Amino acid sequence: MGTWDIGHFDNDTAADFCGGLDEAAAVEREGVVRRALTLAADTGAEDYLDFDEAAEAVAAAALVASQCPDGAPVTSAYGPDEPLPTFPADLRPLAVAALDRVVAEESELAELWDEGGDGPAWRRAVQELRDVLAPALGPAPEALFELP
C-alpha cells in the first residue's frame, strides 16, 4: 500500500497529494483540499472508497485541522512545503464527513489497515484528527472507529 507509518502524511499517496499542493498556484490550494474532502465525503456509504481517495482525504483533513484550535501543526517532511491559505470554517464539517467515510466499512484504506493489524492505532489517529475538527459535535459514532 506504499505506507510506512500511521501518520496522516506517511504514505505515497498523501506525499504526492502534498507535492501537488506545492505545485498548485497559491490561489488554487484551497480548491485542491476542498476537492479531496468532497470526493471522499460524497462517496455513498454503499460505494467503495478507493485507497488513493481516502489517503488524500485524510491528508487534506489534517491540513484543515492544523489551523483549528488545538490542531497540531504539520511537521511531517512529507507535508506541503509551500504556505497554505487560511482555510474557511466550512471545510471543517466537510473534513469530518470525509473522515467518517474513510473509516467506514466500504473503505479500502480502512480495510488495509485492519488487515495489517494496525487498524485500531490508525483509527485512534483518525479519531484524534476528527476531534480537533469537530469538538462541539462530540465523538463519532463508535461503530465507525471500532475494528470491524
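The values are calculated or read from the model by the stated rules, or taken from the named source; none is laboratory data. Everything numeric in this text was worked out from a predicted model, so none of it was measured. Backbone-built Cβ (ideal geometry, glycine too); neighbour counts: all protein chains shown.
Listed values, structure above:
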quantity	calculated
Residue check for Val126: modelled with pLDDT of 95 or more, in contact with a Leu (Cβ under 7 Å, 6 or more places away or on another chain) and either surrounded by 17 or more Cβ atoms within 10 Å (Cβ to Cβ) or part of a helix (DSSP H, G or I) (or both)	yes
Selection within the stretch 39-67 - within 17 Å of Ala134 (Cβ to Cβ) and either part of a helix (DSSP H, G or I) or modelled with pLDDT under 95 (or both)	Ala40, Ala41, Ala57, Val58, Ala60, Ala61, Ala62, Leu63, Val64, Ala65
Breaking point among (1) surrounded by fewer than 21 Cβ atoms within 10 Å (Cβ to Cβ); (2) closer than 16 Å to Val126 by Cα; (3) among the small types (Gly, Ala, Ser), for Gly44	(2)
Residue list for the stretch 111-123, filter: at pLDDT 90 or above and outside any helix (DSSP H, G or I)	Asp118
Criterion violated by Ala89 - all others in (1) surrounded by fewer than 22 Cβ atoms within 10 Å (Cβ to Cβ); (2) part of a helix (DSSP H, G or I); (3) at pLDDT below 95 satisfied	(2)
